[in-house]
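The values are calculated or read from the model by the stated rules, or taken from the named source; none is laboratory data. Just so we're clear, the structure is a prediction, and the values are computed from it rather than from any experiment. Cβ placement follows ideal geometry from the backbone for every residue including glycine, while neighbour counts extend to all protein chains displayed. Heads up: the accessible areas ignore ligands, DNA and RNA and are worked out on the full protein's heavy atoms, side chains in. Shrake-Rupley method; radii C 1.70, N 1.55, O 1.52, S 1.80 Å.
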Amino acid sequence: MIHITVDQKEIACEEGSALLDVCLENGIYIPNLCHVAAMETPPASCRMCMVAVEGGGGPVTACATRVIDGMVVRTDTDEVRQLQRTALKLLLSVHDIDCRNCSANKQCELQNIARFLKVGLKAAPYATLLKEQEIDRAHSFLDYLPNRCVLCGKCIHVCAEKNGRPYFTFARRGFDTVISAFGMDGLEADCEACLACVEICPVGALVVRSGRDKK
Ligand code: SF4
Ligand code: SF4
Ligand code: FES
């Protein structure tokens with residue numbers, strides 16, 4: 001066991017644990033979208049979990065930071081909050097914000113983070129840019145909505161954990177990046193319809209085609 005200090009609270013934890021896991025387990029919330037607990041190599045792609053580590057230069061992602069003895073962390077500085085708000089706004093600038101018609105309404109991590117950061121669910125001051133394709137039906141029974149996906153990769157991760165080989169993969173690049181089942185027909189027989197991907201999706205980007213709600 002080692003000891004770290006987060007927002008002036010002393011915490012005992014296992015050396016080498018992800019700082020984000022330690023904070024969440026100890027009731028200190030840090031916004032996060034792409035992190036799965038105890039992940040060996042976190043993608044650190046959403047940039048939501050920024051924190052300040054004393055003596056460590058600029059803010060770092062808590063999911064990709066391992067705790068060491070004596071570490072002193074602040075999760076709530078003005079700079080950290082500004083970075084988190086900017087990260088959220090950038091995500092919202094490529095998001096079809098239509099909560100009333102979304103399967104994740106009231107269970108959505110974007111809504112939770114916006115509430116926590118005390119900002120509206122709006123892209124402003126950034127302009128909104130949406131992908132042309134509204135729904136991808138390449139999967140046999142799941143609909144994928146590119147303009148609601150935050151590209152966290154959790155669906156791919158959980159499917160690989162359960163089935164050894166994920167049914168979905170990242171496709172294309174840059175703004176056009178999506179999650180896709182296209183061209184993965186050979187795996188169709190392997191999909192056990194466990195719906196782990198739908199369950200872990202932090203937003204409403206994966207839905208069962210029948211119209212059934214994800215939760
Ligand atoms: S994913 Fe969340 S923020 Fe986006 S439309 Fe659905 S409920 Fe609203
Ligand atoms: S579909 Fe959901 S879980 Fe998969 S990458 Fe998009 S937001 Fe994440
Ligand atoms: S949770 Fe750390 S970058 Fe996404």
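Values computed for the structure shown
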{"read-out": "Residue satisfying all of: in the stretch 68-108; out of contact with any strand residue (DSSP E or B) (no Cβ under 8 Å at 6 or more places or on another chain) and of a type in the set (S, T, N, Q); nearest to Cys201 (Cα to Cα) among these", "value": "Gln107"}
{"read-out": "Qualifying residue in the stretch 35-54 (condition: out of contact with any Pro (no Cβ under 7 Å at 6 or more places or on another chain) and more than 15 Å from ligand 3 (Cβ to nearest atom))", "value": "yes"}
{"read-out": "Members of the stretch 130-174 that are of a type in the set (A, V, I, L, M), at pLDDT 95 or above and within 11 Å of ligand 2 (Cβ to nearest atom)", "value": "Leu145, Val150, Leu151"}
{"read-out": "Test: residue in the stretch 116-127 that is within 16 Å of ligand 3 (Cβ to nearest atom) and touching a residue at least 40 places away in the same chain (Cβ under 8 Å)", "value": "yes"}
{"read-out": "Filter result for Val80 (assigned by TED's automatic domain parsing to the domain that holds Ile2, outside any helix (DSSP H, G or I) and modelled with pLDDT of 95 or more)", "value": "no"}
{"read-out": "Residues that are open to solvent by less than 20 Å² (accessible area, probe 1.4 Å) and modelled with pLDDT under 90, drawn from the stretch 180-215", "value": "Ser180, Ala181, Leu187, Lys214"}
{"read-out": "Matching residues in the stretch 21-55 - criterion: being buried (at least 17 other Cβ atoms within 10 Å of the Cβ) and either out of contact with any strand residue (DSSP E or B) (no Cβ under 8 Å at 6 or more places or on another chain) or among the acidic types (Asp, Glu) (or both)", "value": "Asp21, Leu24, Pro31, Asn32, Leu33, Cys34, Val36, Pro43, Cys46, Met48"}
{"read-out": "Residue match in the stretch 113-124 (condition: open to solvent by less than 50 Å² (accessible area, probe 1.4 Å), within 14 Å of ligand 2 (Cβ to nearest atom), under 27 Å from Ile30 (Cβ atoms) and assigned by TED's automatic domain parsing to the domain that holds Thr75)", "value": "yes"}
{"read-out": "Failed item in (1) at pLDDT below 95; (2) exposed (fewer than 12 other Cβ atoms within 10 Å of the Cβ), with Ala127 passing the rest", "value": "(1)"}
{"read-out": "Candidate set: the stretch 91-144, residues that are of a type in the set (Val, Ile, Thr) and within 23 Å of Ala196 (Cα to Cα); chosen: the one nearest to ligand 1 (Cβ to nearest atom)", "value": "Ile113"}
{"read-out": "Search result, residues across the stretch 56-99 that are of a type in the set (A, V, I, L, M, F, W, C), in contact (Cβ under 8 Å) with a residue 60 or more places away in the chain and open to solvent by 60 Å² or more (accessible area, probe 1.4 Å)", "value": "Ile68"}
{"read-out": "Subset of the stretch 3-38 [within 16 Å of ligand 2 (Cβ to nearest atom) and either touching a His at 6+ places or on another chain (Cβ under 7 Å) or not assigned by TED's automatic domain parsing to the domain that holds Ala114 (or both)]", "value": "Val36"}
{"read-out": "Test: residue in the stretch 51-67 that is away from ligand 2 (no atom under 16 Å from the Cβ), over 15 Å from Pro202 (Cβ atoms) and part of a helix (DSSP H, G or I)", "value": "yes"}
